[in-house]
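Visitor: Got a structure here, written out as structure tokens. Questions coming.
The values are calculated or read from the model by the stated rules, or taken from the named source; none is laboratory data. Quick caveat: nothing in here was measured; it's all calculated off a predicted structure. Cβ placement follows ideal geometry from the backbone for every residue including glycine, while neighbour counts extend to all protein chains displayed.
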Amino acid sequence: MAFRSAVITFPGSNCDRDMAVALEKVSGQPCTRVWHGDSDLPEGLDFIALPGGFSYGDYLRCGAIASRSPVMQAVIAAAERGVPVLGVCNGFQVLTESGLLPGALLRNATIRFVCRDVTLTVENATSLFTSGYEAGQEITIPVAHHDGNYFADAATLDRLEGEGQVAFRYKEDINGSARSIAGVLNARGNVLGMMPHPERAIEATHGGTDGRALFESAIKALVGA
Ligand SMILES: NC(=O)CC[C@H](N)C(=O)O
């Protein structure tokens, strides 16, 4: 069955091509590229990805200006209809700035850009993005960011943990994130934001393939194995 995915490109995105290639390699189907200034998305999308990068040069706050792009109205409407939306790194920042996910991404506690492989623990292995992993599984995925320090108030953090909305945690503290949170789901489970880059870990030449199961999970959930 067809898997219709789209990747949004903002001015300053730099992982949009990698994300499209990952979706195409894992699904075997073409991925549509959508410009931020478009008001409409292609009809009948199964999956929308907001990529990493430095949209609008990270001015104001990372993801803040991109979240006001014309296309984001269509992305928000699609998410509200239940279409899966994945935001990676700058894409995660756009999701929190859009209100599609709770919390905010603050400057790393070290005040340094962190660019390295990190070990994550899979906290929720039942979502459409994570069903290909085991709960508690440790996976290695690269990070590259300066504003990855996840913040939310204590009540929100308790709710996220209680409702299984924490998808991934860092095994060690790399950026000061509250409760070591690396990836968050919305309450409905169709929106995932994460700072690590699964699209940079889908084939052996990347140095690891632990990101592949995320795309496989979503494709399997949406169109079958
Ligand atoms: N790789 C990325 O998407 C980086 C996001 C953002 N520019 C930051 O540094 O936090």
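Visitor: Report, by residue number, each residue of the range 41-63 that is more than 11 Å from the ligand (Cβ to nearest atom) and over 25 Å from ASN190 (Cα atoms).
Guide: Across the range 41-63, the qualifying residue is only LEU60.
Visitor: Please find, among PRO30, PRO84, the residue that is free of Cβ contacts under 8 Å to residues at least 24 places away in the same chain and under 26 Å from GLY208 (Cα atoms).
Guide: Of PRO30, PRO84, the one residue that is free of Cβ contacts under 8 Å to residues at least 24 places away in the same chain and under 26 Å from GLY208 (Cα atoms) is PRO30.
Visitor: Might you check whether a residue that is under 17 Å from the mean Cα position of the chain (by Cα) and free of Cβ contacts under 8 Å to residues at least 40 places away in the same chain occurs anywhere in the range 147-169?
Guide: No: the range 147-169 contains no residue that is under 17 Å from the mean Cα position of the chain (by Cα) and free of Cβ contacts under 8 Å to residues at least 40 places away in the same chain.
Visitor: Here is a list of conditions, (1) surrounded by fewer than 24 Cβ atoms within 10 Å (Cβ to Cβ); (2) touching a His at 6+ places or on another chain (Cβ under 8 Å), and MET195 meets all of them except one; can you say which number that is?
Guide: Among (1) surrounded by fewer than 24 Cβ atoms within 10 Å (Cβ to Cβ); (2) touching a His at 6+ places or on another chain (Cβ under 8 Å), the lone unmet condition for MET195 is (1).
Visitor: Can you name the number of the only condition in (1) without any contact (Cβ under 8 Å) to a residue 12 or more places away in the chain; (2) outside any helix (DSSP H, G or I) that ARG17 fails?
Guide: The one condition ARG17 does not meet is (2).
Visitor: Turning to a different aspect of this structure: What number of residues within the range 1-14 are more than 16 Å from the ligand (Cβ to nearest atom), touching a helix residue (DSSP H, G or I) at 6+ places or on another chain (Cβ under 6 Å) and in a strand (DSSP E or B)?
Guide: Residues in the range 1-14 being more than 16 Å from the ligand (Cβ to nearest atom), touching a helix residue (DSSP H, G or I) at 6+ places or on another chain (Cβ under 6 Å) and in a strand (DSSP E or B): 1 in total.
Residues checked against (1) assigned to a strand (DSSP E or B); (2) aromatic (Phe, Trp, Tyr); (3) farther than 21 Å from ALA79 by Cα:
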position: TYR150; (1), (2), (3): yes, yes, yes
position: PHE168; (1), (2), (3): yes, yes, no
position: ASN175; (1), (2), (3): no, no, yes
position: GLY183; (1), (2), (3): yes, no, no
position: ARG188; (1), (2), (3): no, no, no
position: GLY193; (1), (2), (3): yes, no, no
position: PRO196; (1), (2), (3): no, no, yes
position: ASP210; (1), (2), (3): no, no, yes
position: ALA221; (1), (2), (3): no, no, no
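Visitor: Out of curiosity, is SER217 outside any loop (DSSP other than H, G, I, E, B), in contact (Cβ under 8 Å) with a residue 24 or more places away in the chain and polar (S, T, N, Q)?
Guide: It is true that SER217 is outside any loop (DSSP other than H, G, I, E, B), in contact (Cβ under 8 Å) with a residue 24 or more places away in the chain and polar (S, T, N, Q).
Visitor: Does PHE113 count as aromatic (Phe, Trp, Tyr) and surrounded by fewer than 22 Cβ atoms within 10 Å (Cβ to Cβ)?
Guide: Against the criterion (aromatic (Phe, Trp, Tyr) and surrounded by fewer than 22 Cβ atoms within 10 Å (Cβ to Cβ)), PHE113 qualifies.
Visitor: Does GLU203 meet the test of being buried (at least 16 other Cβ atoms within 10 Å of the Cβ) and either at pLDDT below 95 or within 19 Å of GLY132 (Cα to Cα) (or both)?
Guide: In short, no.
Visitor: So which residues in the range 86-110 are touching a Phe, Trp or Tyr at 6+ places or on another chain (Cβ under 8 Å) and either among the hydrophobic types (A, V, I, L, M, F, W, C) or not in a loop (DSSP other than H, G, I, E, B) (or both), if there are any at all?
Guide: The answer is LEU86, ASN90, VAL94, LEU101, ALA104, LEU105, LEU106.
Visitor: Still on this structure, please answer the following. Identify all residues within the range 84-102 that are away from the ligand (no atom under 14 Å from the Cβ) and out of contact with any strand residue (DSSP E or B) (no Cβ under 6 Å at 6 or more places or on another chain); write none if there are none.
Guide: Within the range 84-102, SER98, GLY99, PRO102 qualify.
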